[in-house]
1. Of the residues in the range 56-67, how many are surrounded by 13 or more Cβ atoms within 10 Å (Cβ to Cβ) and not polar (S, T, N, Q)?
2. Working only within the range 6-39, note down all residues that are touching a Leu at 6+ places or on another chain (Cβ under 9 Å) and under 16 Å from GLU52 (Cα atoms).
3. Taking TYR57, is it closer than 23 Å to HIS4 by Cβ, touching a Lys or Arg at 6+ places or on another chain (Cβ under 9 Å) and of a type outside the set (S, T, N, Q)?
4. Which condition from (1) over 21 Å from the mean Cα position of the chain (by Cα); (2) surrounded by 11 or more Cβ atoms within 10 Å (Cβ to Cβ) is the one that ARG80 breaks?
5. If we scan the range 28-37, do we find a residue that is of a type in the set (A, V, I, L, M, F, W, C) and exposed (fewer than 10 other Cβ atoms within 10 Å of the Cβ)?
6. Look at ASP35 and say whether it is in a helix (DSSP H, G or I) and over 18 Å from HIS4 (Cβ atoms).
7. How do the pairs read when you match residues in the range 38-64 that are more than 23 Å from THR12 (Cβ to Cβ) with residues anywhere that are of a type in the set (Val, Ile, Thr), using Cβ under 8 Å and keeping only pairs 6 or more apart or on different chains?
8. Quick one: which of LEU45, LEU74 is of a type in the set (A, V, I, L, M, F, W, C), modelled with pLDDT under 90, in a helix (DSSP H, G or I) and surrounded by 10 or more Cβ atoms within 10 Å (Cβ to Cβ)?
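The values are calculated or read from the model by the stated rules, or taken from the named source; none is laboratory data. What you see is a predicted model, and the numbers here were worked out from it, not measured in a lab. Every residue, glycine among them, receives a Cβ derived from its backbone with ideal geometry; neighbour counts consider all protein chains shown.
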Amino acid sequence: MYEHIFGGKTYTYTPEQEINYLYRKYWEEPDYKKDASLEDMMQYLVKKGIHEPVAMYFRNPYVQKYEECPDAVLDVYHHRKSFFSSLFDIRG
């Protein structure tokens, strides 16, 4: 979550809202699109060097899954690890 203070009030933004907020700051740029999709906004921000809100948009659902049930996420991780280890096992 992101916080912005306007006129003495604090506003909390989701990653989607933060992406929209940051994208709108570029309204004077020639390649700005008023009706850009969320995906277009994310690509634009990454091109401008703004990565954190875009990464947070993708990372948050996985962190939430982990917090809800860490064992299930770790089970998937260990399953993938053992699967790929067996694929690339060069010992023979």
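1. Qualifying residue count, the range 56-67: 4.
2. GLU16, ILE19, ASN20, LEU22, TYR23
3. Details: closer than 23 Å to HIS4 by Cβ: yes; touching a Lys or Arg at 6+ places or on another chain (Cβ under 9 Å): no; of a type outside the set (S, T, N, Q): yes.
No.
4. Among (1) over 21 Å from the mean Cα position of the chain (by Cα); (2) surrounded by 11 or more Cβ atoms within 10 Å (Cβ to Cβ), ARG80 violates only (2).
5. no
6. Numbers: in a helix (DSSP H, G or I): no; over 18 Å from HIS4 (Cβ atoms): yes.
The answer is no for ASP35.
7. VAL46/VAL54
8. LEU74
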